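Here's the structure, in structure tokens; my notes come after.
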Amino acid sequence: MSNSTKSMLNKICVVTGATSGIGKETAKALAIEGATIIIVGRDVKKCISTVNQIKKHSGNSLVDYICSDLSDLKQVHNLTETLKQSHDHIDVLVNNAGAYFITRQESVDAYEMNLALNYLSPVLLTTLLQDMLDKSVQGRIINVSSIAHLKGSINFDNLQSKLQFIGFKAYAQSKLALILYTYELARKLKNTKITVNALHPGFVATNFGKNNGLLRFYIRRFTKGKNDISAKEGAETIIFLATSPNVTNLTSGYFVNNKQVKSSDKSYNQDLAKQLWDVTENLIKI
């Protein structure tokens with residue numbers, strides 16, 4: 001592929017959770033298109049290995065990493081400071097990092113881990129990088145949610161799942177929260193050059209939730225037993241939202257299979273979104 005046909009030349013893209021699965025495939029595809037890539041992962045050896053693999057596969061030397069455990073909000077701050085030292089702007093932020101915790105665990109900040117990693121972390125990261133995205137010709141924020149949000153609800157009296165913990169409910173709550181945040185942020189950014197959209201990548205056959213057959217059971221209730229898709233297929237909607245000129249001015253959308261679809265009724269509740277926004281600001285101290 002000649003440089004003239006590469007759609008992401010001179011674009012700077014940050015992809016979290018990029019050392020495996022759909023994050024890695026996303027970073028690889030964007031590198032092939034000529035983008036400067038910063039992958040984020042929590043294991044330095046995996047980060048180095050992934051960078052080398054992407055460079056070799058894509059022929060693009062503009063691939064680097066920042067090692068960060070995104071469930072630790074202090075490390076999220078450190079990540080953004082490192083980015084700002086090496087780049088003056090970013091064009092695409094892919095909030096892909098996430099996990100499903102079947103037993104109740106707490107982050108170093110004492111937040112329930114589904115909430116911390118799947119929701120609080122991308123919100124804080126996006127907030128801290130907003131000024132860099134605003135310097136782009138057209139900044140794009142892409143939040144990887146899940147069809148599991150359809151069963152989610154926001155329980156402000158038990159947001160941390162201390163009174164009762166059911167792994168899937170905590171996971172679904174975090175993914176609904178991310179979509180509510182996506183729509184509320186889009187409203188707040190309506191007069192800027194930044195777009196923000198969410199997506200469900202499909203049920204991807206990766207290591208995500210590999211130790212937890214219950215997640216597969218719950219998700220298959222939504223996918224009607226359809227076969228797992230590959231990580232490469234799962235990354236397609238992310239890549240579409242990152243690169244397509246068709247979504248240049250499209251914001252506040254929820255996408256599946258490269259198409260905008262309706263998310264849950266709860267996700268469009270603006271009063272709920274505003275209340276969640278206020279609670280979240282207090283939790284992440286911004």
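Would you tell me the accessible area of Glu106, worked out with a 1.4 angstrom probe on the heavy atoms of the protein chains, in Å² to the nearest 10?
For Glu106, solvent-accessible area is about 90 Å².
On the full set of protein chains, 1.4 Å probe, figure out the accessible area of Thr103 and give it in Å² to the nearest 10.
80 Å²
Let me check I've understood the local charge: for Thr192, count other residues with C-beta under 15 angstrom from its C-beta, Lys and Arg +1, Asp and Glu -1. What total comes out? Let's see the in-between values first.
On the way: positive: Lys135, Arg140, Arg187, Lys188, Lys190, Lys193; negative: Asp91, Asp131, Asp134, Glu184.
Computed value for this residue: +2.
So with the 1.4 Å probe, I'd like the accessible area per residue for the range 93-197, rounded to whole Å².
Counting only protein heavy atoms, the per-residue value for the range 93-197 is 35 Å².
Please go through the range 1-110 and write out the chymotrypsin sites (Phe, Trp or Tyr not before Pro) that DSSP classes as loop and that have at most 14 other C-beta atoms within 10 Å. Display every interim value, and only then the final one.
Working: sites: Tyr65, Tyr100, Phe101; in loops: Tyr100, Phe101.
When the chymotrypsin sites (Phe, Trp or Tyr not before Pro) of the range 1-110 are filtered for loop state and at most 14 Cβ neighbours within 10 Å, nothing remains.
Give me the distance between the Cα centres of the range 31-70 and the range 234-268, rounded to whole Å.
24 Å
What 222 nm value per residue comes from the helices of the chain, counting each DSSP H run with n ≥ 4 as -39,500 (n - 2.57) and dividing by all residues, nearest 500 deg cm²/dmol?
Details: 9 runs with 115 residues, N = 286.
Counting only the DSSP helices, I get -12500 deg cm²/dmol.
Hey, any idea what % of the chain's accessible area is carbon plus sulfur with a 1.4 Å probe? The partial results should precede the final answer.
Details: 6360 of 13190 Å².
Taking all protein chains in place, the chain shows 48 percent carbon and sulfur surface.
Take each uninterrupted DSSP H stretch in the chain, measure its Cα extent along the helix axis, and return the ones at 18 Å or beyond whose mean Kyte-Doolittle hydropathy is at least -1.0. If you can, show how the numbers build up before the last one.
Values: long enough: 44-58 (21 Å, -0.55); 73-86 (20 Å, -0.83); 121-134 (19 Å, 0.77); 167-188 (31 Å, 0.03); 270-284 (21 Å, -0.31).
TM-like helix candidates: 44-58, 73-86, 121-134, 167-188, 270-284.
The values are calculated or read from the model by the stated rules, or taken from the named source; none is laboratory data. None of these values were measured; they are calculated from a predicted model. Every residue, glycine among them, receives a Cβ derived from its backbone with ideal geometry; neighbour counts consider all protein chains shown. What goes into the accessible areas is simple: the full protein's heavy atoms, side chains included, and nothing from ligands, DNA or RNA. Shrake-Rupley method; radii C 1.70, N 1.55, O 1.52, S 1.80 Å.
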